Structures are given as C-alpha cells and as structure tokens.
Amino acid sequence: KSRGFPPGPTPFPIIGSFWWIKFRADHGSLEKLAKTYGNICTLWLGHRPMVVLYGFQAVKKGLTTNSEDVSGRLQTYVFNKMASGKGILVSNGLIWKQQRHFGIGTLRKLGMGNKGMERGIQTEARYLVEFFRDKAGEAIDPSFPIVHAVSNVICAVVFGHRFSLEDKTFRQLIEAFNCIVAFGNSQFYYICETFPWAAMCLPGPLHKTKLSWDFVRSFVRQEIKSHREKGRIDEPEDFIDFYLKELEKTKNVPNSTFDEDNMVQSVFDLFLGGSETTATTLRWALLYMLIYPDIQEKVQEELDAVLLPSHLIKKISSIVLITIPREAVKDTTVLGYHVPKGTLIMANIDSTLFDPAYWETPHQFNPGHFLDKDGNFVTREAFLAFSAGHRVCLGEVMAKMEFFIIFCSLLQKFKFTVPEGVKEINTDFIFGSTMKPHPYKLCAVLR
C-alpha cells in the first residue's frame, strides 16, 4: 500500500503507523522521524497516508511548488464532526474560496492593516497598561489580561463591541477556546482520528471539546440574533453586520455558500485565528524579557530613542508546531514523490524556525537573527511562522500589528522583573495546537 510514497515506518492494518511517534506530533518525535526517514516521509493515520515535511526546504517547496494541488483541508472524522466543512479554516472548494474572499474583503473594509485597526489595538493596549499600573508592581500571572486584550481586538471587529475583564461569559468563551486548542494536537486527537469507531464511545477529551465547541457556537448565534434585532445591515459596523448584508444580497443566487452555518463557523475561525497565536506569542515575549533583562533594556533604549525594534517581533518562540494538515485535492507530486488525491500533508512549521542551515543559533533566543552587520532589519526567508502557499494566514498583517503595538506599549511604560523568591523560570511549553508557556508570574514596575 505504501508503494510510491516517501519512506516511513511500516504501517499495520487498521492502526497505521502513528504508533511510531506514540500518537504525538511533538518536536522530538518529528525530529526523530526526519532523522530516521528523511525530510519528507510518510505516516499512516489508520488507513490514510500523511506526508510529513520537515526543515525549511521541504516545507517551503512542499507547500508552494504545486500549491493549489495541496490546498485542500483535511476531511477527517474529528474535523467533520466539529466544523462540518464550513467556514474558512477547514473548508474546501467553493465554500473555502467564497468564505475566504469575503473574509479578507470584509476585514479590509473594517480597517485591517490601516489606521482604523491601529486605533482599536491602541485602545486595548491602553487598558492593559492601566491593568498593570493598578497592580503597582505586585506579582501577577499576565496570561488572562493578555488574552483579554488581544481577544477584544477581534471582538470589536467581529461583534462590534469589547468585553470587560470581569465578564463571566467572556471568561467561559476563553476557557472553551483553550479546551479546543489543547485537544487539537493531543495524543487523544490522533487516537480519535485513527479509531473513529471507538472515539464516540470513549468519554473524556473529545466529549469535553465537543461541549466547548457547542458553547462557542451558541455564543456566536446569540450575537447574530442581537445583530439581526438591531437591523443595521444598511450601515454595517462589524463582520456579522457585513455577513448579514451578504446573506440578504445572495439569497437568490445559485451556488452561494452564504448561510448561517458558514457565518457561525467563519466567526469561530476569525476569533480563534485572531486571538490564540498572538496572545501566546505575547506571553512568551514577556517571559523572555524576564529571562533576558539585558535584551529588555536594549528594547527600551530603542523605544526611548523612537527606534522601532521590529526585529524582536520575530524569533520570540515557535508557538505553532505544525500547520493544520492539508489534503491533496488531486494526484500531484511533492518533492519528486507521487502523491495521490486525498493524501494528507503535515508541514512541520516549527522545524523551519530551527533549521541549522538557515539560522546561526537556532536554539537560542537571538533577535540578532533579523539584523544585518550594520544593525538594519532584514527579512529571513526561513521565517515561515504564518505558513506558505494557498493557505497562508489571512490575519498576518493584523497579528504583527497587534503584537508590535501591545508589546511596545508595555515595554515603554514598565520594567518587567521576576518576583522575589523565584529561583528558576520554566521555558518548557505546554503541548497542544499552539505551544503555550507554563503559567508564570511577573512584576510590572513603572519606569
């Protein structure tokens, strides 16, 4: 069965070969897989082949050479159960083309990448600065306030309003998203995909994730209901307004994919994409400022001199290990291997950011990777944090702007220090769809 595919561990009937990486697509397992079988190899998820790409060259060429051929999203048991092929993130074909095109166009109308969006982010940055100022240097865990600030930027875009830090429903929403993200790349996720017939009988993570997904969906439907009652579609103010207007406009158009289910899923996708990764990157950024006070000082010197330390945005931490797997939409070739339609493609994005052929000190925190010998900022081709090819992240501009404004606002106002009595800082990550830092505390002292 594996004839013609890239090399890989021997698959067994029914269970495939995911056992080789212990049903866990983590940094060490994927590195070991690449060392054993090469930078392009095959794992079998049950009876389905999955081509794994490792290292900058394999990831870049694999995702961009025949980009359209590998632009499908995986249609698997868990993803179909959760998203039913709707929305932007895991949809395919006409649904994906129409929803993504509408999503990009609407985000632009709502100010993505321009002054309008910038003002919204600055507002949230001010609230966050006030939060830290009120704590007057006491030791606090910064994670929820950061998630709150970043999520409110996308809330303003999608729902047209922000949530207060005390809002209970908002807290439940964030907890629901955390549960979904934790499940997304877990051992249990791969076991469910390999043994779908057993997954529904097993209580635990899948059931909990489904409840979280349902909670988010009912929250979004409630927002849509209140938007309908306000009846603002002639003067749309947010994403839901624009979508309701599009629903009205296309209700008699054949082939239109605009309906309430796609709207709910698109809102879900925008919220997930617009909050999770940026908030996690900011949490790592502040953690690294505690570990490297000399770099924190250098950033503050540049900010005081009105120099913009844009190189620091980059190599903070590799927080996305693999992209959401893609699927070959037709028979194609990937790095010289014949790949039949329906094959899954897993790109190990993390490996491009640690590729020793492209980074001088891949395992060190080194903002100098993005500076030339004269100290000028340079773009590195191996920086693929936002993926590549047809499925490149549509919120890249917004994510960079958010990180930049919030991070710089905090470092202009505060010196971040390790609380008294803390001897060691844990830089290991919590494994999931994104690599979160372990909970930590810091002191924000006014400069």
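Structure above, values below:
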{"read-out": "For residue 26, net neighbour charge (Lys/Arg +1, Asp/Glu -1) across residues whose Cβ lies under 14 Å away", "value": "+1"}
{"read-out": "Förster radius 22 Å - calculated FRET efficiency between residue 252 and residue 75 (Cβ-Cβ, nearest 0.05)", "value": "0.15"}
{"read-out": "Three semi-axes of the equivalent ellipsoid, the stretch 139-194, Cα gyration tensor, whole Å, largest first", "value": "27, 15, 9"}
{"read-out": "Ranked list, fewest to most other Cβ atoms within 10 Å of each Cβ, for 209, 427, 434", "value": "427, 434, 209"}
{"read-out": "Along principal axes, Cα extents of the stretch 14-162, largest first, whole Å", "value": "55, 43, 32"}
{"read-out": "Residue order, fewest to most beta carbons within 10 Å, for 148, 438", "value": "438, 148"}
{"read-out": "Order by protection proxy (mean Cβ within 10 Å, highest first), peptides 15-26, 49-60", "value": "49-60, 15-26"}
{"read-out": "Residue-wise HN-Hα coupling along the stretch 86-99, computed from phi with Karplus coefficients 6.51, -1.76, 1.60 (Hz; x: Gly, Pro)", "value": "9, x, 10, 5, 10, 8, 9, x, 4, 4, 4, 4, 5, 5"}
{"read-out": "Highest to lowest packing among 167-174, 190-197, 150-157, scored as the average C-beta count within 10 Å", "value": "150-157, 190-197, 167-174"}
{"read-out": "Residue order, fewest to most surrounding Cβ atoms within 10 angstrom, among 406, 295", "value": "295, 406"}
{"read-out": "Reach of residue 135 by Cα under 16 Å, taken over lysines that are not fewer than 8 positions away in the same chain", "value": "413, 415, 441"}
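Read-outs: derived from the displayed coordinates by stated rules, not from any lab. No experiment lies behind these values; they were computed from the predicted model shown. Note: ideal-geometry Cβ built from the backbone for every residue, glycine included; neighbour counts use all protein chains shown.
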